[in-house]
Every structure is written in C-alpha cells, then in structure tokens.
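Every number here is computed from the coordinates shown, using simple stated rules; none is lab data. Every value quoted in this text rests on a predicted model; they were computed, and no experiment measured them. Cβ placement follows ideal geometry from the backbone for every residue including glycine, while neighbour counts extend to all protein chains displayed.
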Amino acid sequence: MPKHTFNYPVKQGTMTASAGDGHPEVVVVVGTRPEIVKLAPVVRELQRVDELDFSLLHTGQHYDDELSGSFFETLSLPAPDISLDVGSSDHSQQTADALAALGDVLRSRDPDVVLAQGDTNTVLSAALATSKHTARFGHVEAGIRSFDRSMPEEVNRVVADRVSDWLFAPTATAVDNLAAEGIGDGVVETGNTVVDACLRHRELAVETSGVLTRLDLTPDEYVLSTIHRPRNTDDEDRLRTVVETLDAADRPVVLPAHPRLQQALDGIDFVPTDSLRVVDPLDYLDFIALLSTARVVVTDSGGVQEEASILEVPCLTVRPNTERPETVDAGVNELVDPTDLSRRLRAVSERERDEMTGAQTLYGDGKAGQRIVDHLVDELNPR
C-alpha cells in the first residue's frame, strides 16, 4: 500500500481547505516530470488570480529527486501540499494505489475541481477518482490520439477524456479527435502549455545552465536523444539497434538515462564506446539548454517532439506512430524505424536540417495556462 503523507502548509499563492475563505478550490495533480513542466504555467496562473484557491498534489509516480523532486525548485514552483508516494510498480498496481490515495484526499478536502495533464497512470487515477466525487475534472492536453491502443498512454487518454467535465484541447486536431468520438461538451481549445513553459525557460536555461560546458559540447554540433518508451526499452533487438546507431554517429550524442532505459541497457550488456554518452537524468533547465542548441533530437517522447518543434530543432521519432501528428505534417518531425535511423540521422544532420526547422508556433502562442485558468474562473464564479 502507498504511504499517505498529507501535509497542508499554507504558502503564498495557495490556500488549504481549512482556510475557509469560500473561494472554489482547485487541486492540481502531478506525478511525473513532464506533468510538472506542463502544469507549471497553470500553477503560476492560479497564483495570479484571487478568485480561486489551489493545492498542489504529487502522486510520486516519478519518485526520485532527479526525476521529479528537484523540478519544483528549478521551476520556482511551490512544494506540493500533498505527497502520496505511490512509487514505481506495474501499471495496474500503480494506478490502483494512486486511485485509492486520491479518493482519500478528495473525501478529506472536498475540492471543487481536479486538474491533471497528459496520459500517465497519475492522470487516469485522478480522472477516475474525481468521477466518483462531486468535484469536476479538467483534463489538460485532452484529445491527443496516437490511435494505437497497444500503448498504455493511449488508453489513459481515452478514458480520462470520457470522464472529464472540461477538456482543454491543445490543438484543432485534438478538438476534431474528440468530436469524432462524440465529445463536444466542455471542450476548450487552449494551445499547449508546453509552449508557455519553453518560452519562459529557454533564455534562462541558455544563460544559467552551463551544461554544454560541463559536457564539453559545441552548439549545433551534437545530437540529443531520449529513449524510454516500452516499445523501445522492452525489445532487446530494437533497443540495441537504436543505441548502436547512436554510438556510431559522426557527432557526439547525449542520452539522459531514464531509469527504465538504464535497466534495459544493463539487460543487454551495452556499453557505449564511441559517440554516445549516457548521462544521468537532467533537470529541466539543463535539458532545455541542450535541446535548444542541438543539431538533431532522436526521441520516443511525445513531449520532446513538441519541445523540439517550439525550439526549431529537427526531430526523429523512433516510433511507428505519434500522438503529435502536427509535427509530422509540418515537416519538423519524422517517424523512423530503428533499422533506418542511421541513414535518416546522417541525412538530416548533414543535408536536410534546414528543411526540418521552423514551427515555433505550432502549439500556440504561450498563453495556454492563462486560458485554462481564466476559463475556470469564469465557470466557477458566474457573474
């Protein structure tokens, strides 16, 4: 069973349920590093308005300091009011633990709204727990689809959208996906909060990070990679092809190692000997600094596909499909099979790079967080 650690400190910009000021309360639920990044603009907007109180809840799906804990400090966010410490386990157990713990929180705090972002087990648990409560659920980044039900993330997205009261869709494509599923009520196109986060932190990252110096890298002369999806990490042949290709690249390749990836690399006894540098997970500012001056990014992450388009860095996605089709349609992202990665990496890096840059506003204008919170204020404080 998870450890239920309920801490309710009153901090500037937040109020706890015990404050009793009569304002509607919003519980913002995060569980992983990408969720912290993408909900940071929403948290800042909640700090701005007087009409709503809010609490920040961390399920602990990413449970170590490198993957989550340090991000609150790095992004100048308040520490979580509530920590559930569900930790790592198989999908069913992790979802069940978070669901039970979130149910306890909702009963004790009785909030008006629960907000969660994306497609993780944390999001699924938050959506299901709220559906059993009187609070309304807002799904940030609703309507994204890969149309691949073999991905746990796709199932989480679909279920969360089905029980949402407000569906904050990042793009017109996401709105169309929801409409095709018969979902129209509560849908609001907002843009993607990842744009807010990237624009706010890009310059700060370049100015303060120092990661290029630490890793002895020259801007525009290295490749950044992130690999963590089960499709790649759980298939030994596929993973070996990817990392051996990266190790044979004609430029340095930096690969921050998610714990799942490191375990998988240990399982195939892979040790890089040439271009590939496997490093510990990076904080957000270091990662954005590396991404913003990379020549190419090789990834299987949905969020990195978005960030690469915003920062105008060509992206090769080692997956057969993507829930970010806008990047492919815009020509700034390409789906690549591991067996073809070497050829495409060389071509994009050497000849085709300019053809795959230039989609900074693909996901909005950097005001998604403001639109989400303004919508909540209007809905919860009718005039």
>> Sorting check: for 79-87, 183-191, which peptide has the highest mean count of neighbouring beta carbons within 10 Å, and how do the rest follow?
In response: 79-87, 183-191
> Based on the Cβ-Cβ distance from Asp234 to Asp378, what FRET efficiency comes out when R0 is 30 Å, to the nearest 0.05?
Replying inline: 0.10
>> Springs between alpha-carbon pairs under 10 angstrom, Gaussian network model over the chain: which of Asn121, Asn232, Asn192 fluctuates most?
In response: Asn232
>> For Val279, what residues show an amide H to amide H distance below 5 Å, using hydrogens built from the backbone and excluding near sequence neighbours?
In response: Leu255, Ala257
> Based on the Cβ-Cβ distance of Asp354 and Ser150, what FRET efficiency does E = 1/(1 + (r/R0)^6) give at R0 = 51 Å, to the nearest 0.05?
Replying inline: 0.90
> What share of the DSSP beta bridges in the chain is antiparallel, in percent to the nearest 5?
Replying inline: 5 percent
> Length gain on complete extension for the stretch Asp110 to Ala172, per 0.36 nm per residue less the alpha carbon to alpha carbon distance?
Replying inline: 19.0 nm
> What's the angle, to the nearest 10 degrees (0 to 90), between helix 193-208's Cα axis and the longest principal axis of the chain?
Replying inline: 60 degrees
> Working out 0.36 nm times the residue gap between Asp340 and Ser88, then minus their Cα-Cα distance, what length gain in nm do you get to one decimal?
Replying inline: 87.4 nm
> Which whole-Hz ³J(HN,Hα) couplings does the range 47-61 yield from phi under the Karplus relation 6.51 cos²θ - 1.76 cosθ + 1.60, θ = phi - 60°, glycine and proline marked x?
Replying inline: 5, 6, 8, 9, 7, 10, 9, 8, 10, 10, 10, 10, 6, x, 4
> Using Cα pairs under 8 angstrom and six or more residues apart, how large is the relative contact order of the chain, in percent?
Replying inline: 15 percent
